[in-house]
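In what follows, a structure is listed as structure tokens, so that the remarks can point back to it.
The values are calculated or read from the model by the stated rules, or taken from the named source; none is laboratory data. Note that the coordinates shown come from a computational prediction; the quantities given were computed from them, not determined experimentally. All Cβ positions, glycine included, derive from the backbone under ideal geometry; neighbour counts span all protein chains shown. Ligands, DNA and RNA are stripped out before the accessible areas are found, and what is left, the full protein with its side chains, is counted by its heavy atoms. Shrake-Rupley method; radii C 1.70, N 1.55, O 1.52, S 1.80 Å.
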Amino acid sequence: MTGENIVGGEYEVPADASLAALLRSRFREQADQRAVHIDGGWLDFAALGELVFRGANALLAAGVRRGDRVGTLLPNGRGFLAVWLGASEIGARLVPVNINLAGETLRYIVGHADLHALVVDSAVFPSYAAAFGETLPARNLIANGADLPRARRFETLLASASAAPPPLLEPAREEPALIIYTSGTTGRPKGVVLSRAAQLAHGWYYGKDFVRLGPGETSYTCLP
């Protein structure tokens, strides 16, 4: 697949590539190498693979299927990685919601996104509950970090989930992977859809051409 980057050049991603397939190759071939530093420590690719597969199987156990939208109100952490990359494994569509939102904006995004499931961190839950009041949605709410009313505990789902990889899906280039909402400064927030092809192409360009990461090098991100 080929596309134009932000400065007008060309970059390519293999047409048969998928995020799940690329990660699985790293889990196998670089199992003992450092993958990500998160929650105060390093995960090697083998440990990251186990987390991702448990996340995928936990979402399946929660009733999430290919094409479903999964929202997150999560800070950076293992929980976010498990949901994000686990959703990619099973073809679900991630809708990351800014944890600093509150009130009408938060209520609008959660309602407009038509989520099949929402994974919310216990530290963020008071803002979520305040935004909805007595109309708090009870549909497939999953709690991260502590028990919450009418919610299943994500850590429990993870612990009981299989660490075996789910069946690898055939890549669908134009299938939505992410829905990211704008800030809404000039009106209602708008959901921007990023296809699986675009997600890979952006990551490919960022790593290979923009910051030019080499083997063993690390890139810092402050955003989920």
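How large is Rg over Rh for the chain, taking Rg from the Cα atoms and Rh as the Kirkwood inverse mean of 1/r across Cα pairs?
Computed over Cα atoms, the ratio is 0.96.
Please report, to one decimal in angstroms, the Kirkwood hydrodynamic radius of the range 105-213 built from all distinct Cα-Cα pairs.
Computed over the range 105-213, the radius equals 16.9 Å.
Relative to the longest principal axis of the chain, what angle (0 to 90°, nearest 10) does the C-alpha long axis of helix 45-61 take?
Compared with the principal axis, the helix lies near 40 degrees.
Accessible area per residue for the chain in Å², computed with a 1.4 Å probe and the full protein assembly in place, what is it?
Normalised by residue count, the accessible surface of the chain is 53 Å².
Ignoring ligands, DNA and RNA, how do HIS116, HIS37 rank by accessible area with a 1.4 Å probe, largest first?
HIS37, HIS116
Taking K and R as +1 and D and E as -1, what net charge do the other residues with C-beta under 14 Å from the C-beta of ALA35 add up to?
Summing Lys/Arg as +1 and Asp/Glu as -1 gives -1.
Hey, what do the phi angles of the range 71-79 turn into as Karplus ³J(HN,Hα) couplings, whole Hz, using 6.51/-1.76/1.60 and θ = phi - 60°, x for Gly and Pro?
Going residue by residue, I get x, 10, 10, 9, x, 4, x, 4, x Hz, with x marking Gly and Pro.
On a C-alpha basis, how far is the centre of the range 68-120 from the centre of the range 125-191 in Å? Whole number, if you could?
The distance from the Cα centre of the range 68-120 to that of the range 125-191 comes to 4 Å.
Between LEU223 and THR185, what is the label-to-label distance in nm when each label sits 7 Å out along the Cα-to-Cβ direction?
According to this spin-label approximation, the distance is 1.3 nm.
Pairing the Cα long axis of helix 196-205 with the longest principal axis of the chain, what angle in degrees results, from 0 to 90 and rounded to the nearest 10?
60
Work from the charge dipole of the chain (Cβ charges, +1 for Lys and Arg, -1 for Asp and Glu, about the Cα centre) and give the residue of PRO96, ALA151, LEU81 farthest towards its positive end.
Positive-end residue among those listed: ALA151.
Tell me the net charge near ALA161. Cut-off is 15 Å between Cβ atoms, ALA161 excluded, with +1 for each Lys or Arg and -1 for each Asp or Glu.
Summing Lys and Arg as +1 and Asp and Glu as -1 gives +1.
Angle, helix 103-112 long axis vs. longest principal axis of the chain, Cα atoms, 0 to 90°, nearest 10?
Once rounded, the angle reads 60 degrees.
Using a 1.4 angstrom probe on heavy atoms only, work out the carbon and sulfur share of the accessible area of the chain in %.
54
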